[in-house]
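Throughout, read-outs are computed from the coordinates displayed, never taken from laboratory work. Owing to the predicted nature of the structure, the values given are computational and were not obtained by experimental measurement. No Cβ is skipped: glycine too gets one built from the backbone with ideal geometry, and neighbour counts run over all protein chains shown.
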Amino acid sequence: MKEQHRARSILAAVAHAYPTAWQTLDAFRSQRGALGFMDWPDWCYVPVSGAYAVVSGGGAQRVPFERAGHVGLVAGLGAWRITQGIYRFDPALYEALVATPITDEIPVDALHRLPG
């Protein structure tokens, strides 16, 4: 039996810790831009504030310091869970990319056209 990828194990653990996380994020997305509800760019699955609401339990509740990292996990995994793309680089390509110096700023527009 093939071992499950670590990212999928983390996704399952987060779903177990926050059972309504994905439903809540989907609800935020369905209300996006509605009257009285915030809007955000198309490239953004859901703002981090949506993940904060999941981890905090919503309302005026705060996220305890020891769970602050969960906000980023919920935000990132919320978007990733849709396609669950896992990219594996050829070792030679990886070494070439890592060895390539970044001598200037990367155009932000290029980051909006990554494979997805």
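Below 8 Å between Cα atoms, with a sequence gap of 6+, how large is the relative contact order for the chain in percent? Value for the chain: 21 percent. Every Cα-Cα pair of the chain was included, and the share exceeding 17 Å stands at 66 percent. For the residues 94, 18, 52, a GNM of the chain with alpha-carbon springs under 10 Å puts the largest fluctuation on 94.
Considering only 99, 15, 34, the mean-square fluctuation computed in a Gaussian network model of the chain, springs between alpha carbons under 10 angstrom, is largest for 99. Here the chain is assigned +1 on the Cβ of each Lys and Arg and -1 on the Cβ of each Asp and Glu. Its dipole about the Cα centre then comes out at about 540 debye.
Counting only other residues whose beta carbon sits under 14 Å from that of residue 40, what net charge do I get with K and R as +1, D and E as -1? Net charge around residue 40: 0.
Look at where the Cα atoms of the range 1-23 and of the range 67-116 average out, and the two centres are 19 Å apart.
Looking at the chain as a GNM with Cα springs under 10 Å, which of 59, 69, 78 has the largest mean-square fluctuation? Taking springs between Cα atoms under 10 Å, the residue moving most is 59. Dipole magnitude for the range 57-104: about 360 debye, using +1 per Lys or Arg Cβ and -1 per Asp or Glu Cβ, origin at the Cα centre. In the range 46-116, which GluC sites (Glu not before Pro) are in a loop and have at most 10 other Cβ atoms within 10 Å, using DSSP for the loop call? Sparse-neighbourhood loop GluC sites (Glu not before Pro): 105.
Ranking 91, 5, 59 by how far each Cα lies toward the positive end of the dipole of the chain (charges on Cβ) leaves 59 at the top.
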